[in-house]
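To keep things clear, I will list the structure first and then write my remarks on it.
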Amino acid sequence: MTAGKKILCLLPLTVVTIAALTTILFYAYPRLHGADYAHDVDNPLHEAVVLYYRDKKDDAKSLLRRLSRQDKYAGQALINYGLFLEREGDISGAESYYRKALGKGEHIALVYIIGLHSQPGVELPGHAFTAAGNLATPETSCWVEYRRAEERLLKSDREGALAHLAKSVESGLPLTSLVYWDPLFAQLKGDGRFKELLAKARSNNAGHGTLSQRMELDEFTHFKNRPYGMAKELMKAAALEPGNDAKAEELLTPLLSANLPPRDHAIALYWLARIRAKKKDMAGAAKYLAQFKSHIRSGARDTTGFIAIARKIEDDLYANDPLLKNVK
């Protein structure tokens, strides 16, 4: 997977905590974003999503429209409405709602806007760049300029591209494989100024890890106190190739005796139950599932909100898990 595609994989597909929780327990670490409401177990945004996926789409949208008029939920309600429209193929309608969310101060809406238009060879809309520039921090402004350089190259404007790339390097752009292998920059490879900029970018590397390391750290930092986050140790298991159950079990089993927070201990137990069930060891699956049930009912203090949500959807969770629904 290229770095560009990996970045796109980080674009959130939903902001729904229940869906995120289920994804963690069933499969792997989700690339999701959320806001402070994630700690509110009775958040009405959850109800809107449940309604939508029970094919009560009009009721779900009606609820979101009401929530969009409340300051507490407005931004996220608008994003969810946009997600529903995007799922239904109404791209212009989805963008309209994402832009409304951005206007409400929901900065993550920018990611959804850019995601609608991030197609190979297709320019990003001007307002996306304006918003990106406004939201950029000193640490991220280099990537805004880098993306502007790419846009110039789409128009074969080599001088404009070099100017923006120079600004990007001055802002701290590190030299990464992305810069080397970005096909848009192939047209600059014979230009001495491009080589000089790459040399300057290399000198910026000292303050940066690899792109994948920085992405992993950013993920962990963002999600560590949220219901749908997880410990770094669990992220290693989640990053394994599908089907590598033996290695996953090898990583997860020692974690049960480690001092993990309640959320992460619960995730490890559930995954181990699924691995055992997949191997047809139903007794082993039942043992881990029983420990999971006991753990989420123990009253352990969980500041992320994960345990409370797991309890709330517990029956549906087991009934809809293809591996565990018949485990007793």
For TYR318, TYR97, TYR180, which order do you get if you count the other beta carbons within 10 Å of each Cβ and list the fewest first? TYR180, TYR318, TYR97
Past 18 Å, Cα to Cα, is the threshold; run LYS155/LYS195; LYS279/LYS328; LYS236/LYS279; LYS167/LYS195; LYS72/LYS100 against it and keep the listed order. LYS155/LYS195; LYS236/LYS279
Quick one: order TRP181, TRP143, TRP271 by neighbouring beta-carbon count within 10 Å, fewest to most. TRP181, TRP143, TRP271
Would you list SER68, SER92, SER168 from fewest to most Cβ contacts within 10 Å? SER92, SER68, SER168
Classified through the alpha carbon gyration tensor (a ≥ b ≥ c as square roots of its eigenvalues; rounded if a/c is under 1.5, else prolate when a/b is larger than b/c, else oblate), region 230-319 comes out oblate
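The numbers here are math on the coordinates, done by the rules we state, and not lab data. Given the structure is predicted, the values throughout are model-derived calculations rather than measurements. Here Cβ is always computed from backbone atoms with ideal geometry, including for glycine, and neighbour counts include all displayed protein chains.
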